[in-house]
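The values are calculated or read from the model by the stated rules, or taken from the named source; none is laboratory data. Computed from a prediction, not measured in an experiment: that's the story for all the values here. Glycine also receives a Cβ, built like all others from the backbone with ideal geometry; neighbour counts cover every protein chain displayed. SASA here: full protein model, heavy atoms, side chains in, ligands and nucleic acids out. Shrake-Rupley method; radii C 1.70, N 1.55, O 1.52, S 1.80 Å.
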Amino acid sequence: MRNAIDAMEGSSRKELVVATTVAEDTNDSGKHMIEVNVADTGSGISEVIASRLFQPFVTTKPAGMGVGLSISKRIIEAHGGRIWAELIPAAERYSTLRSSRPRRAPRHDDRQSRRAYRRRR
């Protein structure tokens, strides 16, 4: 979201949309994924940068280090997810960054778990 805010700095229209959804895994594993979608009306992502966006030290910011998205990618992938960017036509002026990770099974209430454990003993 920080990158989206920075990208909108010179834009006359400033709109940031963050949405979460439950989606099917695109690898046909049958698993459900939690998908986070960040879209903004900033300057957009050029095709040249898009191909290297998640590599370390790639930045478009004058004082940027270019490590934020590469670190995010490693963390998300370590948890079984993935992160990608979608380039949307300039007429809409939206750039979209999406990430997904496997959805955890719902946790049981601790009291229920303790009761079940006691019954088994």
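Descriptive notes on the structure:
- Distant-in-sequence amide contacts of GLU24, defined by a placed amide H-H separation under 5 Å and a gap of 5 or more residues or a different chain, comprise MET33.
- Approximating the spin labels as points 7 Å out from Cα along Cα→Cβ, the ARG2-to-VAL18 distance works out to 1.3 nm.
- Largest accessible area first, the residues THR59, THR41 order themselves as THR59, THR41 under a 1.4 Å probe with ligands, DNA and RNA left out.
- Protein accessible area in segment 1-88, 1.4 Å probe - carbon and sulfur %: 55
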